[in-house]
Structure formats: structure tokens, C-alpha cells
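*Asks:* The structure under discussion is supplied below as C-alpha cells; questions concerning it will follow.
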Amino acid sequence: MRTTLFSNFRTIKINREVIIISTFRVLNQHDIKSVLEMKSVMNLVEDAYVFKAKKSASLFPMVFHEFHPGVADMDIKSGKITEADIFGLKLVSWFGENPSKGIPAVIGTILVLDITTGTPLGILSGEYITLMRTGAAAGIGAKYLAREESEELLIVGSGHVAPYAILSTLLAMDNIKRVTIYNDNSFDRAQTFSDSIKNKLFELISPYQESDASYYYELLKKIEISFVATDDIKLATQQADIIITATPSRKPLIQDIWVQPGTHISCLGSDMKGKQEIDEELFTHARIFVDDIDQSFDVGESEIPYLKGKFTKQDVIAEIGEVILGNGKGRLSDSDITIYDSTGISLQDLITANHILKIAKEKNVGQLADL
């Protein structure tokens, strides 16, 4: 179904001049939450990876600008998905002083356009889409690179992304029995997160209660597991089958010598130059996978190990889309250590936003605007 379905043109006459106006849909965060759920997002993100691997989707160069270093900045990720007849961008701004003004520090906006005409199809709030698609990437990494019998999940970071990463991993893996939460800055925050995470997961799976009751009860069983906080990252790492890192760290939180054979690590936090969550020595002997090679070496977890000479682009086994297609081999044995460097690519945002626009049109959600 072509996206031009949503590009509604009309003409008006003003003082004998005929003006062509295009209509597009505007969706706020509440609108998006009402139509989006994790299972669909995981499928969409997989599709985005596959389209990229098939060369029917591509990324445009990233744009980053600091208005005031350490205080305010913005970045733009953009690309096109020929398979879906769309192109577009996500602009994310961070203004560190905003919370003191009573407004969020991070604000994201997604613009989706018709690739055949260049007209806008929709403008969407980017925050919830970003949380969902980032979390979905963690589960997809585990699905294709972790051992099927994995039971112990470690989440490093207890911020906004963590619940979504947990949910996607539970959806992807059938044998998780315990989730351990670690916060490098505060054990109390990890404990608070651990105490409240089940309620958050109940909230995230609630859309299925009416739309797919059998799936809902299947998910209820998956989240009835143990959630515990820890202040011993070494022991937690040694016990983990799957590790997800989702922090803004600029130093390694996971040391090479702690990681046991067979462990899978999905790195979500490194999306800017200088960020690092895991020991660069891991890159000398693990099997490394990325969402986009150039972006991963520019701003991802791969940046620091590359700059320190620990590995090169040629050492990357494959982009995740190639693994999904079966063109790139993922885990070769139960003893492999696998790392998925997920920097987050614009195609994830665009394909999810396009999906939301279709549902929003069907359900008449959001507001129509003229341009």
C-alpha cells in the first residue's frame, strides 16, 4: 500500500489565484501511545534492518550541532525507505536546563514524507517512538545472537529505555527467569526500578488484553519472573546470559574478564562520540554485529575500540539485517561472546512512524493540518 494514500491535496482560490494545499497528520505522544505496541514495533524494526540489507533503504549523513557544549545540542538522523515509498528525518534536541523550567530536556520530532512527491505525510512526537524502537533493538539482538536457553538477563542502566528493552527481550526469548538491574550511580534507583518494573510492564502489554487475549496471558506469564537490583556489577556480569547496556556512560561499566563464554551483549547507550559502556578488550575476541557499520564506528560502541586499535571495520561479522536474512552468520557456538552495537538508525523511526500514520488514518487519530 503506497504512502501517497495519506497525502491529500486540495486546491483553494484566493483573488483568482489557485493554490494547491497538501494535508498531513500531526500526532502527539498521547496519540502515538494509543496505537503502538511492542510486538508490532519489533516486526517493523526487523523489516527496517532487512530493507537496509536488501539496499531498498538507506541512511543519509548524520547532522550534529552543539549550541552550548554540555548544555544544549541537537542531532538529525535521516534516510529513505524505498520499499515503503517514504523518506524523512528525526530531529532530537537536548537542552539540559529545560527541567528547571518544568519541561523535558530531550525533545524529538519525526517528519515523514512521500518519496514520490516530496510532500509531508505526517509530523509525530518522537519520544515514545524512540523508546519503543530502541527497546525493540535490544530484543532483536538477543533473538538472533543470544543462546536460546538463556535464563539470566542483566540490565545496566535503569533509565527510560530500560523497561522497553526488558519487554522486547522477554518477547524474543522464552526462558528468561531473572532480570537483574544495575545503576552505576545509585543502588537506590536500581532498587526503585526493580520494585516498580512489573507495573510498567503490565502497562506496556495492556493493549493486548482486548486485541489478543491469548497473547496477553502468554505475556503475563513471561513477566511473572524475578526482578532484583544489585550493586555488584562484577557478579551480575558473571551470572548473566544476556546483558543490555542503556546508559550515557563514557567509561566501560562491563569489564572483559567478567564476561563469561556464551554471553550476548546488546549495547544501546552509545550514540554520540566518546560514549563507551563496555571494555574495548571484548572487541578483540567477541563476534561483533552492528546496525550500520559507518554510524557504529563514528558514534557507537565500536568507536573507542576502533580508535584504540582493537579492531577494524573488516572485523565486524555483519550488520544485523544480514543476520536476519541468513546472509551473515550470527552465533556459531554456545561459547561465543556476541556483541550487538545498536546505535539507533533513522530507518527504525521512519518505518514505525509510517506504520502509526496508517493506523491513525484508519482510526481517525491525531489532527489534520494544511501546508
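The values are calculated or read from the model by the stated rules, or taken from the named source; none is laboratory data. None of these values were measured; they are calculated from a predicted model. Positions of Cβ are generated from backbone atoms using ideal geometry, with glycine treated the same way; all protein chains shown enter the neighbour counts. What goes into the accessible areas is simple: the full protein's heavy atoms, side chains included, and nothing from ligands, DNA or RNA. Shrake-Rupley method; radii C 1.70, N 1.55, O 1.52, S 1.80 Å.
*Asks:* May I ask you to compute the full-extension gain from F60 to A213, defined as 0.36 nm times their residue separation minus their alpha-carbon distance, rounded to one decimal in nm?
*Replies:* Taking F60 through A213 to full extension adds about 51.0 nm, to one decimal.
*Asks:* OK, next. Sequence neighbours fewer than 8 away in the same chain don't count; with that in mind, list the aspartates and glutamates whose C-alpha is under 19 Å from K198.
*Replies:* Straight-line reach from K198, under 19 Å: E37, E151, E152, D174, D188, E218, E224.
*Asks:* Under a Cβ-only charge scheme (Lys and Arg +1, Asp and Glu -1), can you give me the dipole magnitude of segment 78-160 about the Cα centre, in debye to the nearest 20?
*Replies:* Using only the charged Cβ atoms, the result is roughly 280 debye.
*Asks:* If you don't mind, another one. Of the candidates V299, V18, V26, which one comes out as most mobile in a Gaussian network treatment of the chain with C-alpha springs shorter than 10 Å?
*Replies:* V18
*Asks:* Further, regarding this structure: Compute the Cα gyration tensor for segment 99-213, then decide on rounded, prolate or oblate, letting a ≥ b ≥ c be the square roots of its eigenvalues: rounded whenever a/c is under 1.5, prolate when a/b is larger than b/c in the other cases, and oblate in all that remain.
*Replies:* Verdict is oblate for segment 99-213.
*Asks:* Aspartates and glutamates near K310 by alpha-carbon distance under 12 Å, same-chain residues fewer than 8 away left out - which ones?
*Replies:* The qualifying aspartates and glutamates are D279, E280, E281.
*Asks:* Only Cα pairs within less than 10 Å get springs; with that Gaussian network setup on the chain, which residue of E37, E97, E17 has the largest fluctuation?
*Replies:* Among E37, E97, E17, the largest GNM mean-square fluctuation belongs to E17.
*Asks:* Taking a probe of 1.4 angstrom, what is the accessible area of T116 in Å², to the nearest 10?
*Replies:* My reading of the accessible area for T116 is about 70 Å².
*Asks:* Note down the magnitude of the dipole of segment 1-146 about its Cα centre, charges +1 on Lys and Arg C-beta and -1 on Asp and Glu C-beta and zero elsewhere, to the nearest 20 debye.
*Replies:* That gives segment 1-146 a dipole magnitude of about 420 debye.
*Asks:* Write down the percent of antiparallel bridges among all DSSP beta bridges whose residues are both part of the chain, to the nearest 5.
*Replies:* Around 55 percent antiparallel, to the nearest 5.
*Asks:* Now, a different point. Please compute the modelled spin-label separation between T312 and L91, points set 7 Å along Cα→Cβ, answer in nm with one decimal.
*Replies:* Distance between the two pseudo-spin positions: 4.0 nm.
*Asks:* Checking a compactness column here: for segment 24-86, what do you get for Rg(Cα) / (2.2 N^0.38 Å), N being the number of residues?
*Replies:* Segment 24-86 yields a ratio of 1.46.
*Asks:* Show which lysines lie in cross-link reach of K52 when reach means a straight Cα distance below 23 angstrom and same-chain residues fewer than eight apart are skipped.
*Replies:* Cα-Cα hits under 23 Å: K39, K77, K80, K90, K143, K313, K329, K358.
*Asks:* Does segment 278-350 come out rounded, prolate or oblate by the C-alpha gyration tensor, with a ≥ b ≥ c the root eigenvalues, rounded set by a/c under 1.5 and, if not, prolate when a/b is larger than b/c and oblate if not?
*Replies:* Oblate.
*Asks:* So what is the 222 nm mean residue ellipticity for the chain from helices alone, if each DSSP H run of at least 4 adds -39500 (n - 2.57) and you divide by all residues, rounding to the nearest 500 deg cm²/dmol?
*Replies:* For the chain, the value works out to -10500 deg cm²/dmol.
*Asks:* Using only the Cα atoms of segment 73-166, build the gyration tensor, take square roots of its eigenvalues as a ≥ b ≥ c, and label the shape rounded, prolate or oblate: rounded if a/c is under 1.5, else prolate if a/b is larger than b/c, else oblate.
*Replies:* oblate
*Asks:* Same structure again: Express the accessible area of the chain per residue in Å², computed with a 1.4 Å probe while the remaining protein chains stay in the model.
*Replies:* Result: 45 Å² of accessible area for each residue.
*Asks:* Using Stokes-Einstein with the Kirkwood hydrodynamic radius over Cα pairs, what translational diffusion coefficient do you get for the chain at 20 °C and a viscosity of 1.002 mPa s, in µm²/s rounded to a whole number?
*Replies:* 101
*Asks:* Running a GNM on the chain with Cα contacts under 10 Å, which residue among Q191, Q276, Q348 ends up with the highest mean-square fluctuation?
*Replies:* Highest fluctuation among the options: Q191.
*Asks:* Also, quick follow-up: Could you pull out the GluC sites (Glu not before Pro) across segment 103-163 that fall in loop regions by DSSP (anything but H, G, I, E, B) with no more than 14 other Cβ atoms inside 10 Å?
*Replies:* Here the GluC sites (Glu not before Pro) that fit, given the DSSP loop and packing criteria, are E148, E149.
*Asks:* Then there is this: What FRET efficiency, computed as 1/(1 + (r/R0)^6) with R0 = 51 Å and r the Cβ-Cβ distance, is obtained for R189 and S333, rounded to the nearest 0.05?
*Replies:* With a Förster radius of 51 Å, E is 0.90.
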